[in-house]
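What follows is a set of notes on a single structure, which appears directly below.
The values are calculated or read from the model by the stated rules, or taken from the named source; none is laboratory data. Predicted model, so just to flag it, every value in this text is computed and none were measured. For neighbour counting, all protein chains shown are included, and Cβ atoms are generated from backbone atoms with ideal geometry for every residue, glycine included. Heavy atoms of the whole protein, side chains included, go into the accessibility calculation; ligands, DNA and RNA do not. Shrake-Rupley method; radii C 1.70, N 1.55, O 1.52, S 1.80 Å.
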Amino acid sequence: MSEQKEFEFNYEPIRGYPELRWTGKRPFTGTPYYPAQLKESYGDDIDGWRNKIYWGDNLQVMSHLLKDFRGKVNLIYIDPPFDSKADYKKKIELRGKATTTDSTTFEEKQYGDIWTNDEYLQFMYERLILCRELLADNGSIYLHCDWHRSHLIRMLMDEIFGTGGGDGSAPGFKNEVIWAYRIQGVGKDRWARKHDTIFFYSKTAKYTFNVEKEDVIYENKFIDTQCTAPEMSSLSDKDIEKINNCLSEKKAFPDSLKKKLFNKYFATVYVRDVWDCDYTKPIISGSSQYLNYPTQKPEGLLERIIKASSAPGDLVFDCFMGSGTTQAVAMKLGRRFIGADINLGAVQTTTKRLLKVAKDLNGQLQTENQFYTGFEVYNVNDYEFFRNELEAKRLICEAMGMEQLTDSNVYDALYEGRKVCILGINRIATASEFAKLLSNVNISEWQERQKENPTKPVEQITFVCMGHDPNLRAQFEEEVSKMGFKVDVEIIDLLRDKKDLRFKRDSDAKVVIKDGKLIIKNFYPMNLLQKLSIEKTDVSDWKELAESVFIDWNYDGVTFSPETTDIPEKNGLVKGEYEIPKSAGTIHIKITDLISESWEGNVEVE
């Protein structure tokens, strides 16, 4: 990690404006630069640009991006954690359903959305500041949230972006958009919660906004101060059918129909800030867009936002990428994009989705828009140790013989009589990670211990991390001393102190070359098999366990650039046999299983 790169940010409240406060609120005035490693490359550059997907903590991803993209992002859409107090899971089901056991399905936890109030606010505060630094002067940000924290999020955004002006002439707040829908949200003891909130802010007063209008049909309703619509029943069935077709397909009304309906049934109006449209309804199982990814948003919703607040060729960014809806729509609309997510499953899902979009676009006739279909996948801060952060703590506790604590907001485990905090997974631990612990410790309990034994530490704490600042221990002791306490601190650095510790079983595969073909004879995703609680002999075909097969026929040993991408539809199976091109050299294969873990290996062509 290189030297700290500072930027200035005035976090002091403006006189006359409120400021949101919370315990342990820390000014965020600078961030270190984090390295990124190019891992995979797909498609071609267009005008010197290739879209970018990052696997990593989005705070570190944005810190990395500041070097080259500060002030260059035209539009940010983020759908961050809502603090919904829920764990989001994905149902994993074997492809083909050909096994002979009952254990063919299970739920894989994708991410947790359970926070303490102060931890959540600091998390969002720091990331929103970096979002503002990345925005261009004509840039806007849309933040998607719901009732859990929308009131606090708006105060944070007012503080960082500004409160705006009523006529849009000032930077900052522009709209509170209500995205309403008619599914989910049970309300037996209250009004059913049937909407999310999307906050729209601009960086400056000179922001991009392409106004959208829509055709509206009125029945016995006031259109303007001059005219009230007569009964719809006076229309012919043919006219009503035309109206319904235009509305359902989101098409403009033909001129002949407009003339007939003008000032009677029809009006063209500006789209309001309440969106209750069929084409933006939530994604449900069976939908053509459904990817079996928790909290997936519809493409129509992102299409409206991207069209309104960017132009073809502009740069769109989403650092809570999820299933890649923002990136997929940006590609279809001729925008460049950058995406990031800490969940490897999100990166794998987005990669497969973008490859399909790119294939469809490349098969179309050239339009007036330039499509940017090539993209690269990066790791930030060497994200290779754990592929699923949500399982990392369990694996660490299991490998080190720790007693995991599942009901504590402060500590993760007990180890040799000490309390254990597992700090950031796959990233260098810094003093900023103390906030959660210090804001949640039982102060009264520490005070009692101090009274009983004034000379002894009030707690024995072990930090487990994967790389850390040299002064980490001293910094924590200093923070605790400011509170009037003394603690016994120990640091276990997994990369330095536990290099030989085995945390999980690696996948394996058997690949052969025969009669000019590359043949995958078998695939052993050991962690998936363990989760299914079955032996590999119980699976009739290894293809039931595989999500995709990617092959680079001329691997350069650095960047994986697959020319063959075998991604079966829905419940289909990968082929498993592939014709070897005559120009093939070193072949690199990547087989990804149903829980997004991969086996990769080389095969030499003789």
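Table for the structure above
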quantity	calculated
Label-to-label distance, nm, for residues given as LYS307 and ASP469 (7 Å Cα→Cβ offset)	4.7 nm
Heavy-atom accessible area order for ASP566, ASP497, ASP137, largest first, 1.4 Å probe	ASP137, ASP497, ASP566
Packing-based ranking, highest mean first, of 355-364, 46-55, 309-318 given that Cβ atoms within 10 Å are counted	309-318, 46-55, 355-364
Using a Förster distance of 30 Å, the FRET efficiency for ARG394-ASP273 (Cβ separation, nearest 0.05)	0.10
Segment LEU414-SER169, length gained on full extension (0.36 nm per residue, minus Cα span)	82.6 nm
Global geometry of the stretch 323-380, whether rounded, prolate or oblate, following the gyration tensor of its Cα atoms and the 1.5 cut on a/c	prolate
For peptides 451-459, 429-437, 295-303, sequence by mean Cβ density within 10 Å, most packed first	295-303, 429-437, 451-459
Amide N proximity, the stretch 410-425 versus ASP488 label position 7 Å along Cα-to-Cβ, cut-off under 11 Å	417-419
Mean Cβ count within 10 Å, highest first, over the residues of peptides 553-561, 138-146	138-146, 553-561
For the stretch 124-176: rounded, prolate or oblate by the Cα gyration tensor [a/c cutoff 1.5]	oblate
Full-stretch length increase - GLN460, ASN210 - with 0.36 nm per residue and alpha-carbon distance subtracted	84.2 nm
